Amino acid sequence: MSVVRRVTAISLASLLAIGSTVARSAPDSDAGAPRAAAGAAAEPAPAPAPPGAVNEVRGAGGVGFNGPNQKMQLEVLKLMLNAGDDDWKNLSPKIENVLAAKQHTNTGAGMNWTTSNKAGPQFKPSTSKPDTAPGKALQAVRDAVADETTSKEELAKRIAAVRDARKKARADHEAAQHELIATATPRQQAILMTLGVIE
């Protein structure tokens, strides 16, 4: 295995390991299932990894490029793209622009669920309030829904505002991607696509 491939393999494992906190914090899909009966045979613990092996931890849905680990992730990404310092000066700001533009498309919409011992999951609408134009517009819709006296006309107006905000944010995201794609080589584009940086 060449040095570049060896570094890339190790870097990929490092990137996946960054998502360990996501994997640990993800709710257990079997949390609502009954516990095993007393005396039932316990499943054997996984065998320890051999010396020198890399423990690979996968986060659900891939690893995001935001939060406190973004700087470290970008350093790993530089290695994965096999980008020299001069090449990285051109790529790095465009990659960061794409990541920021993608974050700005977030509305905070969705559904949350919680569960406790021997109880089924409880579902409720997401209360996430991202500091984005679509997120603020969606919060206005939530406020309207919470007020049962809100007129149909006002609801329609606020819904349209969310769609307009999302349309603009998506257009900005598309433009940022095009700038990055114009700079990256086909191989770099392929790697960025597998990581969810570009579409």
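Brief remarks follow.
- Separation between Cα centres of segment 72-142 and segment 148-195, rounded to whole Å: 12
- Applying the criteria of a DSSP loop state and at most 15 other Cβ atoms within 10 Å to the trypsin sites (Lys or Arg not before Pro) of segment 92-199 yields Lys118.
- For Asn112, the amide hydrogen comes within under 5 Å of the amide hydrogens of Lys124, Ser126, counting only partners 5 or more places away or on other chains and with H modelled in the peptide plane.
- Among the listed pairs Lys129/Lys168; Lys102/Lys157; Lys78/Lys129, those beyond 28 Å (Cα-Cα): Lys78/Lys129
- Likely footprinting exposure, His178, His173, fewest C-beta neighbours within 10 Å first: His178, His173
- Across segment 84-199, counting alpha-carbon atoms alone, Rg and Dmax equal 19.2, 60 Å.
- This ranking places Asp87, Asp131 by how few other beta-carbon atoms lie within 10 Å of each, fewest first, which gives Asp131, Asp87.
- Ranked list, fewest to most other Cβ atoms within 10 Å of each Cβ, for Thr150, Thr105: Thr150, Thr105
- Dipole in debye (nearest 20) - segment 84-199, about Cα centre, beta carbon charges: Lys, Arg +1; Asp, Glu -1: 440
Throughout, read-outs are computed from the coordinates displayed, never taken from laboratory work. These numbers come from a predicted model, not from an experiment. Note that we place each Cβ from the backbone using ideal geometry, even for glycine, and neighbour counts take in every protein chain shown.
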